[in-house]
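Enquirer: Before we start, here is the structure in question, set down as structure tokens.
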Protein chains: 2
Amino acid sequence: MNKMPTINTLDDIRQILTELPGPDLEAARAAQAREPQLTKPAGSLGRLEQLAAWTATWQGRYPPRMKTPNAHVFAGNHGVVAQGVSAFPSEVTKQMVANFESGGAAINQICKALGVGLCVEQMDLDNPTQDFTENPAMTDTECAEAIRFGMNVIDEASDVVCLGEMGIGNTTSAAAICLALYGGNALTWVGPGTGIDKPAMGKKAEVVGLGVKLYKSHMQDGLDVLRCLGGREMAAIAGAVIGARLKQVPVMLDGYVSTAAAAVLPSINKRALDHCKVGHVSAEPGHKLLLEKLGKNALQDHNMRLGEATGAVLAVGLLKAAVACHNDMATFAEAGITDKD
Amino acid sequence: MNKMPTINTLDDIRQILTELPGPDLEAARAAQAREPQLTKPAGSLGRLEQLAAWTATWQGRYPPRMKTPNAHVFAGNHGVVAQGVSAFPSEVTKQMVANFESGGAAINQICKALGVGLCVEQMDLDNPTQDFTENPAMTDTECAEAIRFGMNVIDEASDVVCLGEMGIGNTTSAAAICLALYGGNALTWVGPGTGIDKPAMGKKAEVVGLGVKLYKSHMQDGLDVLRCLGGREMAAIAGAVIGARLKQVPVMLDGYVSTAAAAVLPSINKRALDHCKVGHVSAEPGHKLLLEKLGKNALQDHNMRLGEATGAVLAVGLLKAAVACHNDMATFAEAGITDKD
């Protein structure tokens, strides 16, 4: 295991981000060398071939492995809920955490169905972030602490980590982060979240626009954006992305909130998300736009918008299939199959 | 188990097709009634919600079940290979069947990864269909026999069946079937198959066009098209689609060849494929066009074009997740979660 550096402030995180390890090109080459020998027409497994190589590259290991996929769902509460941006009250965050812990939520069933381990992490739920229309959501110390928590949560024995969240109000934070990072019209970054109507979305966009305007001159990079407009669960996801990189664990991001949390990192190191795939594109409209900005393609589109890492975990089926095909298929020589004319 | 009717001729199949059972609307209503009670924002599981209801509807059972998914890969040989339409010689069909049986092919690994049973069915491999540029591919009796075989192969204990194929030359048959069913330019239905180049695709399109022209006046419906231009593995897939309907087993189609085989049925009963989903859209270009003609959306797009039921089996991960969420999630009342404002 890599030794985790000391982290007390966001500047410590900035330092770590400048020194991220790169891809394992030897593992990548080994994957590339085996692929054409397997008993199938060249390229016919399409994306599965790329996923196998990507897994090896970011696990820093050949052959790649997909025996221990894990999901982390981070939960946090948001002061901005006071502005009426959500269809559900803040207490639902804690109630849903209890639901995760008793096995009753969607993510529990999907993890069981796909053979993925589930860890639920409560981020100081009794202490919501500040309402960002009044104060920055977090102090530097609070934000750094949540990031550190996310970094430490990653187990280097994981073959992939799926990063999801639960937090009433957090699609508002995600929209504010995207507006701060990429600009544009606040309305294009805002969606129904848990199910608000059109007029409420107008109000949500106002809240988002106001937050971004308030801290514009204080936000020099993505970590400032995260601190001013994010939430503890989002900071933990950003931290988990960093921790996974240091521990050679590939990352599967989930929907809008999960991806927005990760999106604060490339402003500091443009290669910071190279070890991340996005499991699905959410029905929350900002997600598609965010993926375009990041230059990432989602692996699936099932019109889902639940969060909880559900879309990320669904994509583990693909990773398992990809790695199994790459590692365990017979070669043309082994199977005695006549090669192409 | 439903009693299987006597089948000796294609007219016997036509008769069966006119009497297919419809959806179980009671199971559909039960699924619709439970969905809004589950602990998630309404509609937030998107396609998974629809898949759970679809499974119940066509299993004719509530709650739906996804414990015993099975895949059937039908293999057949094609006389039209003599026209130089494939990058691989006909003997590869048998060699790949041996590879399936020894566990070395892609479909073996994907079935293992997703927990799906695999049955491989050899359709008289030493006796290829006739070269359809010279004679109809099959006689009425041969075609009916292969369809009956496919019907009988379906086990009513399957919770879903994934239908795939292996057969050197069969994308040529698929293209010919599509051209016969839907018209258009032969080139738009032809693709690289196992990996032929552009000039070879031109030749393949000529072969396809010639076949369709030869039997145009003899083909009154889709079963005639199947007999004149198809293959035994494709007839077996068409039969498996029918058998699954009679035994209340939902069907997951695979790529271009699998879908083309099923596509011969709606000309006789336009509801014949209502119990079928399509697991993925193939990179073989005709598949996308065929799905448009059938009015079906594929569940995934991973740029795959291998066949063997690989894309269909990958989609079983979605079905498992969908059914698990529907059946096992807590309701708002059970979890004591505050409802929407």
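Enquirer: At a probe radius of 1.4 Å, figure out the A/B buried accessible area, summed over both chains, and give it in Å² to the nearest 100. Walk me through the numbers on the way to the answer.
Expert: Numbers: alone 14080 and 14110 Å², together 23980 Å².
Interface area, both chains combined: 4200 Å², rounded to the nearest 100.
Enquirer: Can you name the chain B residue with its Cβ nearest the rotation axis from B to A, and give the distance in Å as a whole number?
Expert: Nearest Cβ to the rotation axis, residue and whole-Å distance: B:GLY317, 2.
Enquirer: Then there is this: I'd like the FRET efficiency for B:THR141 and A:ASN303, computed as 1/(1 + (r/R0)^6) with the beta carbon distance as r and R0 of 56 Å, rounded to 0.05.
Expert: Working: r = 46 Å, r/R0 = 0.82.
After rounding, the FRET efficiency stands at 0.75.
Enquirer: Please report the antiparallel percentage of DSSP beta bridges with both residues in chain A, rounded to the nearest 5. Let's see the in-between values first.
Expert: Details: 1 of 22 bridges.
Antiparallel bridges make up about 5 percent of those DSSP assigns within chain A.
Enquirer: For helix B:91-101, report the angle its Cα long axis makes with the longest principal axis of the Cα atoms of chain B; keep it between 0 and 90° and round to the nearest 10°.
Expert: 30
Enquirer: About the Cα centre, and with charges only on the beta carbon of Lys, Arg (+1) and Asp, Glu (-1), how big is the dipole of the protein assembly as shown? Nearest 20 debye, please.
Expert: Values: 60 positive and 72 negative charges, 148 e Å.
Charge dipole of the protein assembly as shown: 720 debye, to the nearest 20.
Enquirer: Relative to the isolated chain, which residues of the stretch B:107-123 have their accessible area cut by 20 Å² or more in the presence of all protein chains (1.4 Å probe, heavy atoms, no ligands or nucleic acids)?
Expert: Those residues are B:GLN109, B:ILE110, B:ALA113, B:LEU114.
Enquirer: Shortest first and in nm with one decimal, please list how far the B:ALA42 label point sits from its counterparts in the other copies (point 7 Å along Cα→Cβ).
Expert: Ordered by distance, the counterparts are at 5.4 nm.
Enquirer: Name the long-range amide H neighbours of B:ALA71: under 5 Å, sequence gap of 5 or more, or other chain; modelled H, no Pro or chain starts.
Expert: Here the answer is B:GLY117, B:LEU118, B:CYS119, B:CYS162, since their amide H atoms fall under 5 Å of that of B:ALA71.
Enquirer: Which distances in nm, rounded to one decimal and ordered from shortest, link the label point of A:ASP126 to the equivalent label points in the other identical copies, with labels set 7 Å from Cα toward Cβ?
Expert: Reported distances to equivalent positions: 7.9 nm.
Enquirer: Just to be sure I understand: of the beta bridges DSSP finds with both ends in the protein assembly as shown, what percent are antiparallel, rounded to 5? Display every interim value, and only then the final one.
Expert: Details: 2 of 43 bridges.
That works out to approximately 5 percent antiparallel.
Enquirer: Taking the Cα-to-Cβ direction at B:ASP124 and at A:ASP221 and moving 7 Å from each Cα, how far apart do the two end points lie in nm?
Expert: Label at B:ASP124, label at A:ASP221, 7.1 nm between them.
Enquirer: Suppose every K and R has +1 on its Cβ and every D and E has -1 on its Cβ; what is the size of the dipole of the stretch A:1-58 about the Cα centre, in Debye to the nearest 20?
Expert: Details: 6 positive and 7 negative charges, 54 e Å.
Taking the Cα centre of the stretch A:1-58 as origin, the dipole is about 260 debye.
Enquirer: Near the amide H of A:VAL278, under 5 Å away, which other amide H atoms are found, from residues 5 or more places off or on another chain, if H is placed in the peptide plane?
Expert: Excluding prolines and chain starts, which carry no amide H, the hits are A:LEU253, A:LEU299.
Enquirer: May I pose another question? Report the rotationally averaged projected area of the protein assembly as shown based on its alpha-carbon convex hull, in square nanometres. Don't skip to the answer; put the middle values down first.
Expert: On the way: hull surface 114.6 nm².
Averaged projected hull area, Cα only: 28.7 nm².
Enquirer: Give me the Kirkwood hydrodynamic radius of the stretch A:10-75, using the inverse of the mean 1/r over all pairs of distinct Cα atoms, in Å to one decimal. Walk me through the numbers on the way to the answer.
Expert: Details: mean 1/r = 0.0709 Å⁻¹.
Result for the stretch A:10-75 stands at 14.1 Å.
Enquirer: Now a separate question. In whole Å, what is the distance between the alpha-carbon centres of the stretch B:96-165 and the stretch B:232-261?
Expert: If you average the Cα positions of each part, the centres end up 10 Å apart.
Enquirer: Just check chain B against the gyration tensor rule for me: Cα atoms, a ≥ b ≥ c as the square roots of the eigenvalues, rounded for a/c under 1.5, and otherwise prolate or oblate depending on whether a/b exceeds b/c.
Expert: prolate
Enquirer: Of the cross-linked pairs B:LYS247/B:LYS277; A:LYS247/A:LYS277; A:LYS40/A:LYS112; A:LYS67/B:LYS320, which ones have a Cα-Cα span greater than 21 Å in the structure shown?
Expert: Values: B:LYS247/B:LYS277 16 Å; A:LYS247/A:LYS277 16 Å; A:LYS40/A:LYS112 31 Å; A:LYS67/B:LYS320 19 Å.
Flagged as over cut-off: A:LYS40/A:LYS112.
Enquirer: Per residue of the stretch B:231-237, in order, report the coupling 6.51 cos²θ - 1.76 cosθ + 1.60 (Karplus, θ = phi - 60°) as ³J(HN,Hα) in whole Hz, putting x for Gly and Pro.
Expert: x, 4, 5, 6, 4, 5, 5
Enquirer: May I pose another question? Short version: what are the Cα gyration tensor semi-axes of the stretch B:59-119, square root of 5 times each eigenvalue, largest first, in whole Å? It would help to have the intermediate numbers written out before the result.
Expert: On the way: eigenvalues 202, 46, 13 Å².
Equivalent ellipsoid of the stretch B:59-119: 32, 15, 8 Å, largest first.
Enquirer: Report the Rg/Rh value for the stretch A:112-226, based on alpha-carbon coordinates and the Kirkwood definition of Rh. Walk me through the numbers before you get to the answer.
Expert: Values: Rg = 16.1 Å, Rh = 16.0 Å.
Ratio of gyration radius to Kirkwood radius: 1.01.
Enquirer: Let me ask something else. Who wins for biggest fluctuation among A:ILE168, A:ILE13, A:ILE242 in a Gaussian network model of chain A, springs between alpha carbons below 10 Å?
Expert: Highest fluctuation among the options: A:ILE13.
Enquirer: I would also like to ask the following. Compare the Cα positions of B:GLN59, B:ALA106, B:GLY183 along the charge dipole of the protein assembly as shown (+1 at Cβ of Lys, Arg; -1 at Cβ of Asp, Glu; about the Cα centre) and return the one farthest towards the positive end.
Expert: Of the candidates, B:GLY183 comes out farthest on the positive side.
Enquirer: Something else now. Measure off 7 Å from each Cα along the Cα-to-Cβ vector at A:ALA82 and A:GLU26, then give the distance between these two points in nanometres to one decimal.
Expert: Those two pseudo-labels are separated by 5.6 nm.
Enquirer: What's the longest bit of chain B with no exposed GluC sites (Glu not before Pro), using DSSP loop states and at most 16 other Cβ atoms within 10 Å as the test?
Expert: Working: sites that count: B:GLU19, B:GLU134, B:GLU156.
Segment B:157-341 is the longest.
Enquirer: Next question. Between copies, how close do the B:LYS216 label points come, placed 7 Å along Cα→Cβ, listed in nm from shortest?
Expert: 6.8
Enquirer: Something else now. Per-residue HN-Hα couplings for the stretch A:116-132, Karplus 6.51 cos²θ - 1.76 cosθ + 1.60 at θ = phi - 60°, whole Hz, x for Gly and Pro?
Expert: 10, x, 10, 10, 10, 10, 8, 9, 6, 5, 7, 10, x, 4, 5, 5, 6
Enquirer: Can you tell me the 0 to 90 degree angle between the C-alpha axis of helix A:25-34 and the longest principal axis of chain A, rounded to 10?
Expert: 50
Enquirer: Moving on. Just to be sure I follow: if Rg is taken over the C-alpha atoms of the stretch B:203-299 and Rh is the Kirkwood radius over the same atoms, what is Rg/Rh?
Expert: On the way: Rg = 13.4 Å, Rh = 13.9 Å.
Answer for the stretch B:203-299: 0.96.
Enquirer: Out of residues 5 or more away from B:MET166 or on other chains, whose amide H comes under 5 Å of its own, with H placed 1.01 Å from N in the peptide plane?
Expert: Amide H neighbours of B:MET166, under 5 Å, 5+ apart: B:PHE74, B:ALA75, B:GLY76.
Enquirer: Given a Förster distance of 41 angstrom, what is the FRET efficiency for B:ALA98 paired with A:LEU289, based on the Cβ-Cβ distance and rounded to 0.05? Working shown, then result.
Expert: Details: r = 50 Å, r/R0 = 1.21.
Approximately 0.25, to the nearest 0.05.
Enquirer: Could I ask something else about it? In straight Cα distance, which aspartates and glutamates are under 12 Å from A:LYS296, not counting same-chain residues fewer than 8 positions off?
Expert: By straight Cα distance, A:LYS296 reaches A:ASP274.
Enquirer: Whole number in Å², please: accessible area per residue of chain A, 1.4 Å probe, ligands, DNA and RNA not counted. All intermediate terms of the calculation are to be shown ahead of the outcome.
Expert: Details: 11980 Å² over 341 residues.
So chain A comes to 35 Å² accessible per residue, rounded to a whole number.
Enquirer: Apply the Karplus curve 6.51 cos²θ - 1.76 cosθ + 1.60, θ = phi - 60°, to the phi angles in the stretch A:160-167 and return the couplings in whole Hz, x for Gly and Pro.
Expert: Ordered by residue, 3J(HN,Hα) equals 7, 10, 9, 10, x, 8, 9, x Hz.
Enquirer: With axes computed from alpha carbons, what is the tilt in degrees of helix B:198-215 against the longest principal axis of chain B, rounded to the nearest 10 within 0 to 90?
Expert: 80
Enquirer: Using Cα-only point scatterers and the Debye equation, what is log10 of I(q)/I(0) for the stretch B:1-123 at each q in 0.19 Å⁻¹, rounded to two decimals?
Expert: Log10 of I(q)/I(0), two decimals: -1.09.
Enquirer: Could you pull out the longest piece of chain A with no exposed loop trypsin sites (Lys or Arg not before Pro) in it, calling a site exposed if DSSP puts it outside H, G, I, E, B and it has at most 10 other Cβ atoms within 10 Å? Before the final figure, lay out the partial values.
Expert: Working: sites that count: A:LYS3, A:LYS67, A:LYS270.
Answer from the scan: A:68-269.
The values are calculated or read from the model by the stated rules, or taken from the named source; none is laboratory data. Given the structure is predicted, the values throughout are model-derived calculations rather than measurements. Cβ coordinates were reconstructed from backbone atoms using ideal geometry, including for glycine residues, and neighbour counts include every protein chain displayed. With ligands, DNA and RNA removed, areas are computed over all heavy atoms of the protein, side chains included. Shrake-Rupley method; radii C 1.70, N 1.55, O 1.52, S 1.80 Å.
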